[in-house]
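For reference, the structure discussed in these notes is given below.
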Amino acid sequence: MEKKVDYDVITDKVTVPYELAYGPTWTRFMEGLSQEKILGSRCSECGRVLVPARSYCPRCFIEISDFIEVSQQGTLMGWVLTDYEYYGMPTKPPFLSGFIKLDGTDCNFLHLIGGIDLSDAEAVRRKVKNGMKVKAVWNKEKRGHIMDIQYFTLVK
Ligand SMILES: [Zn+2]
């Protein structure tokens, strides 16, 4: 049995600065975003178009060098409403995250779903349905970052 000891403590934070190298494929993808283009990569073996663009096909295990601009519209395949805050989140809650299958692509793209009143979770549940069409809304200011797309909005 551990003996409990009372003692004074200080509480502080440790920060760890770091740099993440995008590499050539993500650099190209992010540069595309800064020009309001969403780039995918097409596998020469299976023909699948993957977004964000990637350097290899995870199914065929071959290098991909064929980049194509994909549609900025797609289908909502799944979503979640987040109403609590945690470290590293992309924006302040509440927010909707969605899996979006951009037209002509073969995988889901994770981003925010916006332009919706999120004050009533039940109303959100009634309004937002899988299979709805969505399209990208761009930030005016671009910085070559995934958040150059502000969010995807429901298409009427
Ligand atoms: Zn493939």
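The values are calculated or read from the model by the stated rules, or taken from the named source; none is laboratory data. Not measured: the values here are computed from a predicted model. Glycine gets a Cβ as well: all are built from the backbone with ideal geometry, and neighbour counts include every protein chain shown.
Restricting attention to the range 98-110, which residues are within 17 Å of residue 149 (Cβ to Cβ) and surrounded by 16 or more Cβ atoms within 10 Å (Cβ to Cβ)?
Across the range 98-110, the qualifying residues are 98, 99, 100, 101, 102, 105, 107, 108, 109.
Looking at this structure, is residue 131 under 15 Å from the mean Cα position of the chain (by Cα), surrounded by fewer than 12 Cβ atoms within 10 Å (Cβ to Cβ) and outside any strand (DSSP E or B)?
Values: under 15 Å from the mean Cα position of the chain (by Cα): no; surrounded by fewer than 12 Cβ atoms within 10 Å (Cβ to Cβ): yes; outside any strand (DSSP E or B): yes.
Judged against the criteria, residue 131 is not a match.
On the given criteria, is residue 88 in contact (Cβ under 8 Å) with a residue 60 or more places away in the chain and either more than 16 Å from the ligand (Cβ to nearest atom) or surrounded by 14 or more Cβ atoms within 10 Å (Cβ to Cβ) (or both)?
Spelling it out, it is not the case that residue 88 is in contact (Cβ under 8 Å) with a residue 60 or more places away in the chain and either more than 16 Å from the ligand (Cβ to nearest atom) or surrounded by 14 or more Cβ atoms within 10 Å (Cβ to Cβ) (or both).
Search the range 28-85 for residues being outside any loop (DSSP other than H, G, I, E, B) and farther than 22 Å from residue 148 by Cα, and hand back the single one that is farthest from the ligand (Cβ to nearest atom).
The qualifying residue farthest from the ligand (Cβ to nearest atom) is 63.
Taking residue 45 as the residue in question, decide whether it is modelled with pLDDT of 95 or more and closer than 23 Å to residue 22 by Cα.
no
Look through the range 101-128, keep the residues that are within 16 Å of the chain's Cα centre (by Cα) and hydrophobic (A, V, I, L, M, F, W, C), and return whichever of them is farthest from residue 22 (Cα to Cα).
Among them, the one singled out is 113.
Name the residues in the range 70-85 that are loosely packed, with under 13 Cβ neighbours inside 10 Å and modelled with pLDDT of 95 or more, would you?
Hits for the range 70-85 are 78, 80.
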